[in-house]
Amino acid sequence: MPVKPDNLYRLLYQGMDLNKAPSSNFRKFLRETGLFLVDIIYNAVVIIILVVLIRSFLISPFRVVGSSMSDTLENKEFILIDKISYLLGDIDRGDPIVFLPPATSKDAPKFEELTRVKASGVGTFDFSELIKTKDADYCANRILEMFWFCKEKVRVGDLVYYAPQEDVPGSLVKQTDWERVKNLQVSKSDYSESIVTFEGEANKVYALRVYDSKGPEYFVKRIIGIPGDTVKFDNGRVYLKRPGDEDFWQIDEGFLNSENLNRTYISQKQRQNVYEVPDDHYFVMGDNRNHSNDSRSWLEPITQEAFPFVPEANISGRVLVVLWPLANIRLIGSADFAQ
């Protein structure tokens, strides 16, 4: 059957439409899929940002490990800590807090290096290239150990202990005279220049040990003394003298169980029973006094001197609520130390 030109064009046009239909549908599918994926990524980014902001400034979850806060907090309970209160208000006595403890004699050093003091009596510790692979199984991999998360570096606030090396009579070996140890902290200017300087004996070799200023894990304890307070222990009881007080008064510790009430004793290694809390630091103890690693037992690295205070910068927040197990859900309040 003959076909007129106009009908031919119409058939060709319709045929082209039919051929284009699958391509058009595929592009529509790609566009809708792309929008769906973009929407998922967008929502994921928003959620991640919100979680980071909430954890950084509002609340954070933690899991209690150990019984140092019994009966207030029990082992394996999940808690939320309140951060915003300390951003807007003051840290107070009686608050149960989560924090990073100061470095103590129980912590291993990050580095140990040797350096020779110049004739001028000035020693330098250059850490511009100093890195150390962290002690972790996954960092033993030769590829992973090159990444930043497997490296250890000197940071602002790190503690640097230094002591001269002494000749051992009758031996070619030298040992460090840690009885003459001194220490300093890495300042911002030190960090910017990657060099720490110290005064020592001219032409003498010194051993240096670098410690992180914070312990490796979070603790949960209760604040007993705030800046300006004086805390005293006597016959198992805890006494407090605030700025302006003339005498000590006994703290009401009704939050302690019968095993711990009036049975608070100090570590024999600390050899002191009175502590004056310095500015920007806090004295803390666990509620389970007989089984708590806290301000009463912390000793400075190497020197073994009392190191009992938590810097304010180490405090993450106040314990707000127990979330798990469900049967134990409860609010956690602060203790009232009013005289």
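The values are calculated or read from the model by the stated rules, or taken from the named source; none is laboratory data. In this text, all values refer to a predicted model and were calculated from it rather than measured experimentally. Methodologically, a virtual Cβ is constructed for each residue, glycine included, from the backbone with ideal geometry; neighbour enumeration extends over all protein chains shown.
The residue that is modelled with the lowest pLDDT, among those in the range 145-183 that are over 22 Å from THR104 (Cα atoms) and among the aromatic types (Phe, Trp, Tyr), is TRP148. Considering each residue of the range 205-235, count those that are exposed (fewer than 15 other Cβ atoms within 10 Å of the Cβ) and not polar (S, T, N, Q), and give that number. Of the residues in that region, 4 qualify.
When restricted to residues that are part of a loop (DSSP other than H, G, I, E, B), in contact with a Leu (Cβ under 8 Å, 6 or more places away or on another chain) and more than 30 Å from LYS182 (Cα to Cα), the range 206-253 contains 3.
Of the residues making up the range 260-281, not a single one is free of Cβ contacts under 8 Å to residues at least 24 places away in the same chain, closer than 27 Å to ILE84 by Cα and in a loop (DSSP other than H, G, I, E, B). Just the residues that are more than 20 Å from ARG318 (Cα to Cα) and outside any loop (DSSP other than H, G, I, E, B), please, taken from the range 282-296. Selection gives ASN290, HIS291. Just one residue in the set THR72, THR115 is at pLDDT 80 or above and assigned by TED's automatic domain parsing to the domain that holds VAL160; that residue is THR115. Residues of the range 186-202 being surrounded by 17 or more Cβ atoms within 10 Å (Cβ to Cβ) and in a strand (DSSP E or B), which ones? If the condition is that a residue be surrounded by 17 or more Cβ atoms within 10 Å (Cβ to Cβ) and in a strand (DSSP E or B), then VAL196, PHE198 are the ones that fit.
Apart from one condition, GLY244 fits all of (1) in contact (Cβ under 8 Å) with a residue 24 or more places away in the chain; (2) surrounded by fewer than 17 Cβ atoms within 10 Å (Cβ to Cβ); the exception is (1). Once the range 260-300 is narrowed to residues that are buried (at least 21 other Cβ atoms within 10 Å of the Cβ) and of a type in the set (Lys, Arg), the residue that is farthest from LEU100 (Cα to Cα) is ARG289.
Can you name every residue in the range 301-319 that is surrounded by 18 or more Cβ atoms within 10 Å (Cβ to Cβ) and either assigned by TED's automatic domain parsing to the domain that holds ASP177 or not small (Gly, Ala, Ser) (or both)? If the condition is that a residue be surrounded by 18 or more Cβ atoms within 10 Å (Cβ to Cβ) and either assigned by TED's automatic domain parsing to the domain that holds ASP177 or not small (Gly, Ala, Ser) (or both), then PRO301, ILE302, PHE307, PRO308, PHE309, VAL310, ASN314, ILE315, ARG318, VAL319 are the ones that fit.
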